[in-house]
Amino acid sequence: MKKIFTIVLLGAFCLVNAQAFKGKGDTKLDIGATLQNGGTGVVASADFGLGENFSIGVLSSYLLGANEYLGEKPSVDYRFDAKLRFNANLGNVLNVSPKFDLYPGLNIGLKNFGGHIGARYFFTDGFGVFTEFSAPFAKYDKEASSRYNNGTSFNIGASFNLD
């Protein structure tokens, strides 16, 4: 199953184009790996520009390599998480480079409410990379099994444009 998922992920990298955040009407897709407390996995997010400096979106993550915790192996529902996001895109405010975007934001998901800060850099109009750090502010469930998506996480991967 892991090999099939990896092949599909690599195929997605080859089929979509990328660009820097350009504001209203801009749609981008980030696909990458996540490293967090208790496991590693895959993450995908899509953000939709609503204004010059802000966007909303969704994020989904799935832990592939999750550690056993207190003698308990995590089930699928503990490995999966989905979130709604709000980003403040500050690339044009900071004016570092038109290829660079810094975006702090808030997210609300199935497991917690939290915040994130990320950065994107585009090598060309067709390809970019991103990195993001996320931390929960409020956890919905304190059970041992819910800890798999209730810790800090670090994401890294490629950024694509869907327009």
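Things worth noting here:
- Using the Cβ-Cβ distance between V96 and L50 with R0 set to 25 Å, the FRET efficiency works out to roughly 0.65.
- Computing FRET efficiency as 1/(1 + (r/R0)^6) for K139 and S75, where r is the C-beta to C-beta distance and R0 is 25 Å, gives about 0.85.
- Using equal-weight Cα scatterers in the Debye expression, the normalised intensity of segment 41-80 in log10 at q = 0.25 Å⁻¹ is -0.82.
- Evaluating 6.51 cos²θ - 1.76 cosθ + 1.60 at θ = phi - 60° for every residue in segment 118-123, the Karplus couplings come out as x, 9, 10, 9, 10, 6 Hz, glycine and proline recorded as x.
- Take every Cα pair under 8 Å whose residues are at least 6 apart in sequence, average their separation, divide by the length of segment 40-163, and the relative contact order is 19 percent.
- Applying the Karplus relation 6.51 cos²θ - 1.76 cosθ + 1.60 with θ = phi - 60° to segment 83-89 yields 3J(HN,Hα) values of 9, 9, 10, 10, 10, 9, 7 Hz, where x marks Gly and Pro.
- Its residue count N sets the reference 2.2 N^0.38 Å, and the alpha-carbon radius of gyration of segment 43-139 equals 1.25 times that reference.
Each reported figure results from applying straightforward, stated rules to the coordinates on display, with no laboratory input. For clarity, every value in this text was computed on a predicted model and none was experimentally measured. Virtual Cβ from ideal backbone geometry, glycine too; neighbours counted across all protein chains shown.
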